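Heads up: the structure comes next, in structure tokens.
Read-outs: derived from the displayed coordinates by stated rules, not from any lab. Since this is a predicted model, take the numbers as computed values, not measurements. A quick note on method: Cβ atoms are made from the backbone with ideal geometry, for glycine too, and the neighbour counts reach across all protein chains shown.
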Amino acid sequence: MSLIKILNEGTTIYTSGTTGPSKPIHQPVEKIRASNKIARDVQMITKDSKVYTVCSMDHAGGLLAQTLPAIEVKAQVHIETFNPFGWVKKIKEFTHSHLTPGMAEAITKTKSWKDIDLTGKIIACGSDRVPASTINQFVNKGCTFIVNWGMTECGPIAINKTFVPDMEVDISETLMGNMKYCDTLISDGELFIKGDITIFDGPDWWATGDMVKEEDDHFYFLGRKEYGRK
């Protein structure tokens, strides 16, 4: 299905499989449009942006984090399979990219990493725990680095924190973020959500299965609930 058709009709994508067996989740048009606006606002994506997509288009990170939000405003998008050496070489041509923590780590281990200049780039990172060391390495190269939490069912730009160059990164736990774009409730340590950027209609809360805590206006991920989602 073409990306324009997805914007107009919705689509079905698969969960990443990081917290259990991958399964299909339908993405309604209304949810996609609401999520796109949040993604553009948070990541400063405009019609003049140039997005370098290297995450799988079958999952939320590749399709929904930056690609569809950019396509909707007719920004430039380049999609290709991730290669750390290729990413380091090509990122200079783009303004935005979205990475998993594993991808980010692979990039920092390339020979070219020591000489890379990411000044002015906006890099989002999510789908798994993002180590403080990874955040530090990227902001020290001059980019804006966004630690992001989301799910195929929500967002994926849902809870995050933006780190800018020279910003002190002092994190000993798994940070989700200090900015949220859906309604949240923590009950017995589990995160519940609702809102326009979720796939769910109505006023009911949805149990994410993620165990979190909120401290000093920041959300931290503690692990998955043992029996999974309700």
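A compact table of results
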| item | result |
| --- | --- |
| √(5λ) per eigenvalue of the Cα gyration tensor, the range 158-230, largest first, Å | 24, 16, 9 |
| Two-decimal Rg/Rh across the range 106-230, once Rg and the Kirkwood Rh are taken from alpha-carbon atoms | 1.02 |
| Percent breakdown of C-alpha pair distances by 10 Å bin, ordered from the shortest bin, for the range 60-160 | 15, 51, 31, 3 |
| Rounded Å value of the spacing that divides the Cα centres of the range 1-75 and the range 92-137 | 20 |
| Chymotrypsin sites (Phe, Trp or Tyr not before Pro) lying in DSSP loop within the range 174-230, provided at most 11 other Cβ fall within 10 Å | Tyr227 |
| Choice from His98, His78, His59 with maximal GNM fluctuation in the chain (Cα, 10 Å cutoff) | His78 |
| Helix-only mean residue ellipticity at 222 nm for the chain, each DSSP H run of n ≥ 4 adding -39500 (n - 2.57), per residue, nearest 500 | -6000 deg cm²/dmol |
| Given charges at Cβ of Lys, Arg, Asp, Glu: the chain dipole, positive-most of Leu175, Tyr14, Val54 | Val54 |
| The range 1-98 - Kirkwood radius from inverse mean 1/r over Cα pairs (Å) | 13.8 |
| Set of lysines near Lys111 by C-alpha distance (under 24 Å), chain-local residues within fewer than 8 positions excluded | Lys89, Lys90, Lys92, Lys121, Lys141 |
| Cross-link partners of Lys213 among lysines (Cα-Cα below 29 Å; sequence separation of 8 or more within a chain) | Lys23, Lys31, Lys37, Lys161, Lys180, Lys194, Lys225, Lys230 |
| Chain lengthening between Lys47 and Asp204 when straightened (0.36 nm per residue, less Cα-Cα) | 53.0 nm |
| Difference of contour (0.36 nm per residue) and Cα-Cα distance, Glu226 to Thr110 | 38.1 nm |
| Rg followed by Dmax, in Å, when the chain is reduced to its Cα trace | 16.8, 51 |
